[in-house]
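Everything on this sheet refers to the single structure shown next.
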Amino acid sequence: MATLLSARGRRQPAARTAGPGGEILLALPPSLPATLGCDAVGVPARYGFRLLSRLPGDGCVFADTDWWWWIVPAGSDADLRWPLPACYAAGGYVPDRRPRLIHRPGTTSPYTPPIPLYLMICQLTGVAPAWNVPGVGTRL
């Protein structure tokens, strides 16, 4: 909670507009380079505090009144089906609802590990985890 409140009064990186679709690009702090690319996973705000308090090694988290967005490495949707109501935002482009950075990691990486995030979202939503393993159950 102290991390969330300590951001008050300091200027946070602004999200940048990304065109006519009503989406914006979540802007990471310059000190946290996204060397693995940048996607975002959003959940309704009602899940936000529970996820933030239970996730090990959480990265940058953005929030608006309705959604919280976790920054994950690009391609974190490969072979995963993120359960509803979660929303996967490739490239870090999210609906323009004025999200702001509410949590900075204590490390030099902006990322939340996607597998723990995925499993926690599955648990909170009551959905069994499901992913495809390449080469298993398929014929080439």
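The values are calculated or read from the model by the stated rules, or taken from the named source; none is laboratory data. Fair warning: this is a prediction, and the values are worked out from it, not measured in the lab. Don't worry about glycine lacking a Cβ; one is built from the backbone with ideal geometry, like all the others, and counts go over all protein chains shown.
Scanning region 32-52 for residues that are modelled with pLDDT of 95 or more and of a type in the set (V, I, T) returns V41, V43.
Residues that are closer than 19 Å to P33 by Cβ and of a type in the set (F, W, Y) within region 77-130 comprise Y93, Y111, listed in sequence order.
Scanning region 75-86 for residues that are without any contact (Cβ under 8 Å) to a residue 40 or more places away in the chain and of a type in the set (A, V, I, L, M, F, W, C) returns a single hit, A78. Are any residues in region 53-75 crowded, with 20+ Cβ neighbours inside 10 Å, more than 13 Å from L28 (Cα to Cα) and modelled with pLDDT under 95, and if so, which ones? Scanning region 53-75 gives a single hit, D58. When L80 is tested against (1) of a type in the set (A, V, I, L, M); (2) within 15 Å of P114 (Cβ to Cβ); (3) modelled with pLDDT under 90; (4) buried (at least 20 other Cβ atoms within 10 Å of the Cβ), just one condition goes unmet, and that condition is (4).
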